[in-house]
Amino acid sequence: MKIIILAAGDSSRNFPLFFDKPKCLYHYLGSIQINRPIELARQFCEDKDIYIVAGYKADKVKEYINDKYPDIKVLVNTRYAEPAIYSYRTALQLGQDDYIFLNADESVKPANFKKVFDSNKKIALLSHDKYYYYSLGFFKISREALNILNDDCYLSMDYMKKIYCFANNKSEYDGDFRINDGVCMGYSIIDFVRRIGNIEKIEDPRCIDDNPNVDFFHYDPTLDYVPDLDRYDLTDEYKNNLLKRLYSDIISDNIKRVHRHLVKDSKFK
C-alpha cells in the first residue's frame, strides 16, 4: 500500500497572485497544513510508503519535507499546470500497488480513513450526498484498476465537461473550471467510480451497498468533517498580517477579476 498526498497545484483561483509558497505550507488553525494529512497517513503505514506529489514551487515542498520528514519522498509533477490527471500519473512511477490518494489541503478523520484503507474492492471512498461519488478528493484504488489513471480521455476538457454534466444531471455544460483546476480531480474521481463500478446514472450512494467493485463509506459532514484549507483568507498568515490582507483583498483580487474578464478562453478550457 502506498499513500500519496497531492500538493502540486498552484491554487491560483483562491490564493493571491505571486504568493510565496504552495498552499499546503501555509499555517492553518495553528499548524502547517500538510502536516495534517502526513500525520494521518503515518497512523496507517511507515514513512517510506508515504509520498508527496509536488509541482508549483516544488523546491519549497522538498525542503520542508526533507527537513521534517526525511523518510518521506517527494515526487515532482512537472506538468502541474496541465491537466490535473498528471498528479495521479506521477505517482504511478512507483509501480503496481494499491494506492490511497488524498489532497494536501484537506483532512480526514482517522476512523473514516481506516474504512477506506481496509477496503478490498477496486475503488473505495467517502461519500455524503446523492450527487457526488467522491469526498475530499480522498480514495483508494487497487492495483487491478490502476490503468484507468492512464486513460488519455482525462486530458480532454470536452470529456471533463461530459463528466460534469453526468454528475450534475445536466444536458449542457454550464460550469466554470479549467482542466488543471483541483475541481477537475474531483470530477475525475466521479468518473473513476462510474467506470469501475459500471454505474449508468447518478444515484444516492447510500442506496448502493452491493456494488462488487466499489465501496462507498458514508459520513455525516456535520459530525465528521475536518475543515479544508480552500482559501487564502483562512490561513494564519492572512489573519495575522494587515499588509497581506490588503494585498490579497484589494490588489490581487481585482487584477484576477480583470484577467478573467479579458481572457475567456484558453487551451485549458
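Some values worked out for this structure:
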| quantity | calculated |
| --- | --- |
| Residues being more than 19 Å from residue 154 (Cβ to Cβ) and in contact (Cβ under 8 Å) with a residue 12 or more places away in the chain - total across segment 80-99 | 4 |
| Residue within segment 63-79 that is surrounded by fewer than 17 Cβ atoms within 10 Å (Cβ to Cβ), touching a residue at least 12 places away in the same chain (Cβ under 8 Å), over 30 Å from residue 250 (Cα atoms) and of a type in the set (Ser, Thr, Tyr) present | yes |
| Residue in segment 53-62 that is under 22 Å from residue 143 (Cα atoms) and not in a strand (DSSP E or B) present | no |
| Test result for residue 163, touching a Phe, Trp or Tyr at 6+ places or on another chain (Cβ under 7 Å), part of a helix (DSSP H, G or I), touching a residue at least 60 places away in the same chain (Cβ under 8 Å) and of a type in the set (Val, Ile, Thr) | no |
| Residue 152 within 19 Å of residue 45 (Cα to Cα) and acidic (Asp, Glu) | no |
| Restricting segment 138-181 to residues that are acidic (Asp, Glu) and under 28 Å from residue 117 (Cα atoms), the residue that is surrounded by the fewest Cβ atoms within 10 Å (Cβ to Cβ) | 152 |
| Residue in segment 78-85 that is more than 23 Å from residue 216 (Cα to Cα) and either of a type in the set (Gly, Ala, Ser) or over 19 Å from the mean Cα position of the chain (by Cα) (or both) present | yes |
| Condition check for residue 104: under 15 Å from the mean Cα position of the chain (by Cα) and buried (at least 16 other Cβ atoms within 10 Å of the Cβ) | yes |
| Odd one out for residue 131, checked against (1) in contact with a helix residue (DSSP H, G or I) (Cβ under 7 Å, 6 or more places away or on another chain); (2) modelled with pLDDT under 90; (3) crowded, with 17+ Cβ neighbours inside 10 Å; (4) not in a helix (DSSP H, G or I) | (3) |
| Count - residues of segment 134-160 that are small (Gly, Ala, Ser) and either in contact with a Ser or Thr (Cβ under 6 Å, 6 or more places away or on another chain) or part of a helix (DSSP H, G or I) (or both) | 2 |
| Segment 63-106, subset of a type in the set (A, V, I, L, M), in a strand (DSSP E or B) and modelled with pLDDT of 95 or more, residue nearest to residue 25 (Cα to Cα) | 74 |
| Count - residues of segment 195-230 that are assigned to a helix (DSSP H, G or I) and modelled with pLDDT of 90 or more | 2 |
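The values are calculated or read from the model by the stated rules, or taken from the named source; none is laboratory data. What you are looking at is a predicted structure, and each value in this text was computed from that prediction instead of being measured. Because the Cβ atoms are built from the backbone with ideal geometry, glycine has one as well, and the counts that use them run over all protein chains shown.
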